[in-house]
1. If you go through the range 270-315 one residue at a time, how many are of a type in the set (D, E, K, R) and without any contact (Cβ under 8 Å) to a residue 12 or more places away in the chain?
2. Starting from residues that are among the acidic types (Asp, Glu) and open to solvent by less than 60 Å² (accessible area, probe 1.4 Å), keep the ones in the range 144-186 and report whichever is nearest to residue 18 (Cα to Cα).
3. Just for the range 304-336: of the residues that are open to solvent by 80 Å² or more (accessible area, probe 1.4 Å) and not aromatic (Phe, Trp, Tyr), which one is farthest from the ligand (Cβ to nearest atom)?
4. Given the criteria surrounded by fewer than 20 Cβ atoms within 10 Å (Cβ to Cβ), more than 19 Å from residue 72 (Cα to Cα) and aromatic (Phe, Trp, Tyr), does residue 345 qualify?
5. Among the listed residues 83, 26, identify the single one that is in a loop (DSSP other than H, G, I, E, B) and closer than 24 Å to residue 203 by Cβ.
6. Give me the residue from the range 117-142 that is in contact (Cβ under 8 Å) with a residue 24 or more places away in the chain and of a type in the set (Asp, Glu) and, out of that set, nearest to the ligand (Cβ to nearest atom).
7. Tell me which of these residue 21 doesn't satisfy, since it passes every other one: (1) in contact (Cβ under 8 Å) with a residue 60 or more places away in the chain; (2) within 16 Å of the ligand (Cβ to nearest atom).
Amino acid sequence: MSVFSKDFMWGGSVSSMQAEGAWDEGGKGLTTYDAKGTTKFGSDWKVAIDFYHRYKEDIALFAEMGFTAYRFSLSWARILPDGEGEINEEGLRFYENVIDELLRCHIEPVVCLYHFDMPLALQEKYGGWIGRETLEGYKKYVETVIRRFGTKVKYYIPINEQNAAFLVELLQLPPDTPAEERSRLQAVIVHHMFLASASVRHLARNYAPHAKVGGMVNFTPVYPATCRPEDILAAQRAARSYNYQALDVFAHGEYPSDLLKEWDMAGITPPMQQEDLAYLRQAKMDFLAHSYYMSITMKGDESSNGISVFMRLIQNPPKNEYLQQTEWGWSIDPVGFRLTVKEIYERYRLPVFTMECGIGVDESLNAQNTIEDDYRINYFHEHLKQLKLAVSEDGVDMMGFLTWGPIDILSSQCEMKKRYGFIYVNRTDTDLKDLARYKKKSYDWFKKVIASNGDEL
Ligand code: BG6
């Protein structure tokens, strides 16, 4: 008998700006990503892999692989072009078509409502999540989505990797913002994002009682560099700040005492309105979702707050001598994956859903128009082996496993060279070519894994 339940969900995950393209079509408003222009790689966010026009072809490829779930984010600006005013019917229709196509192929749509990108108007008018008006716009957008999609969508993720999303927002601040002001604004953003997540739970209760809402973090296990007590303390503090504080709020509906202490010691009071804390308390999440890419190590004399963890992840992940690394310096740690789901489940006793996992590699097609990506097969083989142990030996209640970028898409930094897919997309950073799709060797391997519900790895 399979280790995974028979309704265990298998599939993949993408975001709107990394996949869709069609940046100025279908009545979509401009977004913060559109405003970034051309990157240092010579790429931009305008066409991505053109999922907007090719979604049927892509969904057919996922269906052939046997996907039972697909997570994608909606572009807020396709639905509310300025983020808070008029509703754009054409944008809603596009997503409804995608959802209908998924359902026709027996693939469960898992809808993420915010993945780092927002209508530019909100950024310009209110400083993005700094303004409470942005939260009000988000609520209107979410209500529109939930009411429109009704029973078609059963799973919602309010904010992608919320613990990282706080910090992505913070990076938008002018570099000369004084440190104290930065900390104050961080607390404002954190509070508004938690209220936003809670609003999805409340709105689902009103308009889609069947739907389950999952708070999501980027979970990164933090290992002490040695068994020196100072290193252990630093690793624990970093893990609290980066991984657990957000999960605490999702699971318990309350700010944890260490976060309140941090704010208190820094003399910060987030802009709470009277009803905010009750609003959070009444919006505990139904499940906990996470992405997983790597673990990191920490020494006692290093800064161990969430920002410094995040900066190390995106700039210079530390090497762990026991682990191999990807070409981008990310440690490959399958046991860290087991620890991740085990930690989340043991602490919170809520079902766990892996939303993203994968390896980014610089690849090109061979003469047979495919890629022999045995390294990717090996990567997933090892990670899934650990996931099975987490279920069979640790008793973790797992809802599903979604891979990141099941088809090659732009990376978070807009780099097409960094490919995660089972399906190759024919374009480079600077040349859009014909955007044709080709199956890699791992395509058939993952198909077999899904067909056997994880028995055959
Ligand atoms: C996750 C993000 O943190 O990591 C994705 O949700 C991102 O948007 C993914 O693409 C992989 O990171 P990268 O930088 O390799 O694209």
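The values are calculated or read from the model by the stated rules, or taken from the named source; none is laboratory data. On a predicted model such as this, the values are computed, not experimentally measured, just so you know. Note that each Cβ is placed from the backbone with ideal geometry, even for glycine, and that neighbours are counted across all protein chains shown. Note: areas computed on protein heavy atoms with side chains; ligands, DNA, RNA excluded. Shrake-Rupley method; radii C 1.70, N 1.55, O 1.52, S 1.80 Å.
1. Residues of the range 270-315 of a type in the set (D, E, K, R): 275-276, 281, 284, 286, 299, 301-302, 312.
Among the residues that remain, those that are also without any contact (Cβ under 8 Å) to a residue 12 or more places away in the chain are: 275.
Count: 1.
2. From the range 144-186, those among the acidic types (Asp, Glu) are 161, 169, 176, 180-181; that's our starting set.
Filter once more, so that each one left must be open to solvent by less than 60 Å² (accessible area, probe 1.4 Å): 161, 169.
On the way: 161: 15, 169: 18 Å.
Once the filter is applied, the top-ranked residue is 161.
3. Here is the first cut: in the range 304-336, the residues open to solvent by 80 Å² or more (accessible area, probe 1.4 Å) are 314-316, 319, 321-322, 324, 327.
Right, trim to not aromatic (Phe, Trp, Tyr) and you get 314-316, 319, 321, 324, 327.
Details: 314: 8, 315: 12, 316: 14, 319: 18, 321: 23, 324: 17, 327: 11 Å.
My answer is 321.
4. Numbers: surrounded by fewer than 20 Cβ atoms within 10 Å (Cβ to Cβ): no; more than 19 Å from residue 72 (Cα to Cα): yes; aromatic (Phe, Trp, Tyr): yes.
No, not satisfied.
5. Details: 26 fails: closer than 24 Å to residue 203 by Cβ.
Only one candidate passes the filter, namely 83.
6. Checked the range 117-142; the qualifying residue nearest to the ligand (Cβ to nearest atom) is 117.
7. Single failed check for residue 21: (1).
Residues checked against (1) at positive phi; (2) in a loop (DSSP other than H, G, I, E, B):
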{"position": "235", "(1), (2)": "no, no"}
{"position": "248", "(1), (2)": "no, no"}
{"position": "259", "(1), (2)": "no, no"}
{"position": "267", "(1), (2)": "yes, yes"}
{"position": "271", "(1), (2)": "no, yes"}
{"position": "284", "(1), (2)": "no, yes"}
{"position": "288", "(1), (2)": "no, no"}
{"position": "291", "(1), (2)": "no, no"}
